[in-house]
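First the structure, in the form of structure tokens, and then the observations on it.
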There are 2 protein chains.
Amino acid sequence: MPSDVLVSEPVHTQVKGVMLRRLPSVHDLRGMLSFCEIDSHVPFSVRRYFVVSAVAGDASRGAHAHRTLHQFLTCVHGRCHVIADDGESRQEFVLDNPSLGLHVPPLVWSTQYRYSPGAVLLVLASDVYDEADYIRDYDQFLQLARAR
Amino acid sequence: MPSDVLVSEPVHTQVKGVMLRRLPSVHDLRGMLSFCEIDSHVPFSVRRYFVVSAVAGDASRGAHAHRTLHQFLTCVHGRCHVIADDGESRQEFVLDNPSLGLHVPPLVWSTQYRYSPGAVLLVLASDVYDEADYIRDYDQFLQLARAR
């Protein structure tokens, strides 16, 4: 993980449109509070969120892309790995802190795996669920990603 | 916890304006996914979220009300207790599941405590942070709450 993710500006990655974002946090005797102001830290309006938990360590989730949906991933407990792939470049990220967010835009193939015991992944999404927005076939994804 | 929180309609509580909301969830071999569609499940637009973690079991947080801010609380890992108080009625809630949300409107005094080890509280908020929106004095809160 590059050290410059510690600054508050979004950090470009090797994958087109995928950005890492360090969110502010406050530590005190009562615990830790990480916060995210949508207009400042998330490049879309949040219309849905989902929480993934109780994932077996050898299970993987995701393995699809979206046509139009933006997502913002943060691991709020434990740790998981995310592989993001724009059809040309692929990069692996370790999400292990509520103050580290990953923006995954449309037309990026994303897989989450290596969940630690008790890991909880929070995903903010730019729209409600729509099965028609999913691209579940990798070859079709490559065609669409390379044609953009 | 009344059994009718299992239905998907919001459940009124003894505290004015405070509602419990059962969020949908999907369990399968890969784990559990709980989701929340903002327009359907949360009675405000989300402009901020914060994540509270690493709270000692004997610590309490909150102990204030807001003038205008709406919040939606869900414990996405572990368990915590929330006391909500409208100045006349007070009720304690146990949040122990990502699929259970608690809407706390303005002019409700709220305290969170009894965090289990590793508990993570996710709070959606209707606005960005504004210290002037906080009511930190309980007597002042009572005056404002009873005058509404």
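Only Cα pairs under 8 Å and 6+ residues apart enter the sum, and on that basis the relative contact order of the range B:73-148 stands at 38 percent. Across the range A:49-60, rounded Karplus estimates of 3J(HN,Hα) from the backbone phi angles (6.51 cos²θ - 1.76 cosθ + 1.60, θ = phi - 60°) give 9, 9, 10, 10, 8, 6, 8, 5, x, 9, 8, 10 Hz, Gly and Pro being marked x. For A:Arg79, the residues whose amide H sits under 5 Å from its own are A:Ser116, A:Ala119, A:Val120, ignoring neighbours fewer than 5 places away on the same chain, with H placed 1.01 Å from N. Shortest first, B:Arg148 label-point distances to identical copies amount to 4.4 nm, with the label point at 7 Å from Cα along Cα→Cβ. Across the range B:81-92, rounded Karplus estimates of 3J(HN,Hα) from the backbone phi angles (6.51 cos²θ - 1.76 cosθ + 1.60, θ = phi - 60°) give 10, 10, 9, 10, 8, 9, x, 10, 10, 9, 9, 9 Hz, Gly and Pro being marked x. Given +1 at the Cβ of Lys and Arg, -1 at the Cβ of Asp and Glu and no other charges, the dipole of chain A around its Cα centre is 120 debye to the nearest 20.
Could you point to the residue in B:Val11, A:Ser116, B:His70 farthest towards the positive end of the protein assembly as shown's charge dipole, with +1 and -1 charges on the Cβ of Lys/Arg and Asp/Glu respectively? It is A:Ser116.
Using the 1.4 Å probe convention, the accessible area of the protein assembly as shown works out to 45 Å² per residue with neighbouring protein chains retained. Here the dipole of the range A:28-104 is about 300 debye; that uses its Cα centre as origin and unit charges on the Cβ of Lys and Arg (positive) and Asp and Glu (negative).
List the accessible area buried at the contact between A and B, summed over both sides and calculated with a 1.4 Å probe, in Å² to the nearest 100.
3000 Å²
Dividing the mean sequence gap of close Cα pairs (under 8 Å, 6+ apart) by how many residues the range B:17-65 holds gives a relative contact order of 20 percent.
Across all C-alpha atoms in the range B:51-148, the radius of gyration and Dmax reach 13.1, 39 Å. Distant-in-sequence amide contacts of A:Ala63, defined by a placed amide H-H separation under 5 Å and a gap of 5 or more residues or a different chain, comprise A:Ser110, A:Thr111, A:Gln112. Give the relative contact order (percent, whole number) for chain A; include only Cα pairs under 8 Å separated by 6+ residues. Here the relative contact order equals 30 percent. Each residue of the range B:18-31 was assigned a 3J(HN,Hα) from its phi angle through the Karplus curve 6.51 cos²θ - 1.76 cosθ + 1.60 (θ = phi - 60°); the sequence is 7, 10, 9, 9, 7, 8, x, 9, 10, 10, 8, 4, 8, x Hz, with glycine and proline shown as x. Distance between the C-alpha centres of the range A:39-71 and the range B:115-144: 27 Å, rounded to the whole angstrom.
For B:Val128, no residue whose modelled amide H falls within less than 5 Å of its own remains once neighbours fewer than 5 places apart on the same chain are excluded. Rolling a 1.4 Å probe over the protein heavy atoms of the range A:1-137, with every protein chain left in place, gives an accessible area that is 51 percent carbon and sulfur.
Between copies, B:Arg136 shows label-point distances of 5.2 nm, shortest first, with the point placed 7 angstrom from Cα along Cα to C-beta. Between the chain alone and the structure with every protein chain in place, find the residues of the range A:62-81 that drop at least 20 Å² of accessible area; heavy atoms, 1.4 Å probe. Those residues are A:Val76, A:His77. Relative to the other identical copies, A:Ser60 shows label-point distances of 4.8 nm, where the label point lies 7 Å from Cα along the Cβ direction and values run shortest first.
Radius of gyration (Cα atoms) of the protein assembly as shown, expressed as a multiple of 2.2 N^0.38 Å: 1.02. So what's the angle, to the nearest 10 degrees on a 0 to 90 scale, between helix A:138-147 and the longest Cα principal axis of chain A? That helix lies at roughly 90 degrees to the long axis.
With charges set only on the Cβ (+1 for Lys and Arg, -1 for Asp and Glu), what does the dipole of the protein assembly as shown come to about its Cα centre, in debye to the nearest 20? Could the numbers behind the result be given before it?
Working: 28 positive and 34 negative charges, 36 e Å.
It works out to roughly 180 debye.
The values are calculated or read from the model by the stated rules, or taken from the named source; none is laboratory data. Given the structure is predicted, the values throughout are model-derived calculations rather than measurements. Note that each Cβ is placed from the backbone with ideal geometry, even for glycine, and that neighbours are counted across all protein chains shown. For the accessible areas, the whole protein counts, side chains as well, though only heavy atoms, and no ligand, DNA or RNA atoms are used. Shrake-Rupley method; radii C 1.70, N 1.55, O 1.52, S 1.80 Å.
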